[in-house]
Amino acid sequence: MDRTLYVDKYYMTEVDTFEDSIYCHHALMGESFISEHSHTKGQFLYTEGGIVFLKTDEKSYFLPARHYIWIPGGIRHSIYPSSPEVVMRNLYFPPFDTDTDFFDKVNIYPVNDFLIEFIMFTNRWTGNILPTEEPKYSIAKAFKLILPEISQTELPLALPYPKHEKLKMIVNYLEQRIDENISFKNLANEFEVSERTLARLFQRELNMSFIQYYTILRMLTALKLLLDEKMSVNEVAMRVGYSSLPTFSNTFNKVIGVRPSEYIKNKNLLL
């Protein structure tokens with residue numbers, strides 16, 4: 001029996017009630033977002049039934065199906081699901097002596113079958129699991145300990161927020177014209193800056209080149225279209241500015257780790 005309930009927006013105040021507990025919470029979102037908050041414990045978040053955007057002070061993250069995000073303790077963040085019917089599966093962990101730097105950064109990782117089985121096993125738990133509750137606590141702790149071992153490939157499914165006013169306008173321009181293949185030269189001309197200045201602006205403000213930013217922006221948009229819209233791969237490619245299907249497929253595979261045709265084929269299984 002699935003014990004999934006709707007999110008109790010007050011559960012987050014209970015996460016840090018016991019310093020050494022592991023907190024477990026499985027729930028349907030039931031609403032359009034969870035407002036900005038933070039907690040002392042690190043958070044493992046896996047979702048089903050849709051996609052999730054997660055925003056921190058520094059970046060916007062895109063969490064697709066069959067992936068999880070690790071959020072270190074103390075990181076302020078808000079959560080925006082594609083639908084109130086998205087299921088969130090959360091595990092909150094205190095720091096352990098065995099923790100590595102893996103747990104110090106926000107990142108998104110693919111989920112294999114073994115981890116899914118482990119996640120679903122925790123569905124029977126709700127609330128705080130104390131160290132005195134054995135073997136439940138040891139099993140939950142083992143969940144955290146195996147994450148670095150089975151999470152070798154992080155996905156660059158995040159884009160930093162620009163703070164520079166002109167760069168904000170440039171990024172908005174790219175988002176609004178995602179179906180066009182905008183060249184770097186034309187972008188510089190449109191905003192009346194030299195290509196050299198524009199290149200420096202992207203590198204200094206976003207810590208990535210224009211082509212890196214633009215490629216990830218287009219692939220994140222493609223992921224959303226593949227998951228949310230009933231479009232063919234060819235239609236999605238055109239919607240994100242690719243006239244060549246092989247080029248789009250190769251780029252998608254390089255960024256996401258799977259070809260778009262395979263992603264669509266497994267879509268119903270992943271959600």
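The values are calculated or read from the model by the stated rules, or taken from the named source; none is laboratory data. Computed from a predicted structure; not experimentally measured. Cβ: placed from backbone, ideal geometry, glycine included. Neighbour counts: every protein chain shown. SASA here: full protein model, heavy atoms, side chains in, ligands and nucleic acids out. Shrake-Rupley method; radii C 1.70, N 1.55, O 1.52, S 1.80 Å.
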Revision key, fill the gap. Farthest towards the positive end of the dipole of the stretch 162-268, among Leu201, Asn253, Val171 and with Cβ unit charges of +1 on Lys and Arg and -1 on Asp and Glu, lies the Cα of Asn253
Practice item. Give the distance, in whole Å, between the Cα centre of the stretch 41-97 and the Cα centre of the stretch 135-199. Key: 16
Practice item. Two decimals is fine: what's Rg over Rh for the stretch 92-157, C-alpha atoms, Kirkwood radius as Rh? Key: 0.97
Study note, to complete from the structure: Kirkwood Rh for the stretch 17-90 from C-alpha pairs, in Å, is 12.6
Point to revise | Heavy-atom SASA rank of Leu226, Leu145, Leu130 (probe 1.4 Å, accessible area, largest first) | key: Leu145, Leu130, Leu226
**Study point:** Cα-derived Rg over Rh, computed across the stretch 41-161 with Rh taken as Kirkwood radius
**Key:** 0.94
Practice item. Rank these residues by their accessible area, most exposed first, probe 1.4 Å: Arg239, Arg196. Key: Arg196, Arg239
**Study point:** Expected 222 nm ellipticity per residue - DSSP helices of 4 or more, -39500 (n - 2.57), all of the chain, to 500
**Key:** -11500 deg cm²/dmol
**Study point:** Accessible area of Ser209 in the full protein assembly, 1.4 Å probe (Å², nearest 10)
**Key:** 30
Check your understanding: For the stretch 162-268, what is the per residue volume of the convex hull drawn over the alpha-carbon atoms, in cubic angstrom?
Key -> 101
Practice item. Using Cα pairs closer than 8 Å and at least 6 residues apart in sequence, work out the relative contact order for the stretch 162-268, in percent. Key: 25
Point to revise | Whole-percent carbon and sulfur share, accessible surface of the stretch 162-268, 1.4 Å | key: 46
**Study point:** Structure-derived Cα extents along the principal axes in Å - corresponding label in [x] 65, 38, 34; [y] 53, 44, 30; [z] 92, 57, 30
**Key:** [x]
**Study point:** Arg200 - accessible surface, heavy atoms, 1.4 Å probe, Å² rounded to 10
**Key:** 140
Review point. Just the accessible area per residue of the chain, please: how many Å² with a 1.4 Å probe?
Key: 51
Point to revise | Rounded to the nearest 20 debye, dipole of the chain from Cβ charges on Lys, Arg, Asp, Glu | key: 800
Review point. So if we plug the beta-carbon distance of Met169 and Thr40 into 1/(1 + (r/R0)^6) with R0 = 35 Å, what FRET efficiency do we get, rounded to 0.05?
Key: 0.40
**Study point:** Cα-centre dipole for the stretch 59-206 with unit charges at Cβ (Lys and Arg positive, Asp and Glu negative), debye to 20
**Key:** 320
Review point. Scattering from the C-alpha atoms of the stretch 87-216 alone, worked out with Debye: what is log10 I(q)/I(0) at q = 0.12 1/Å?
Key: -0.67
Exercise for review: With +1 on each Lys and Arg Cβ and -1 on each Asp and Glu Cβ, and nothing else charged, work out how big the dipole of the stretch 162-268 is about its Cα centre, in Debye to the nearest 20.
Suggested key: 300
Revision key, fill the gap. Expected unfolding gain across Ser261-Phe18 under the 0.36 nm per residue rule, minus the alpha-carbon gap, is 82.9 nm
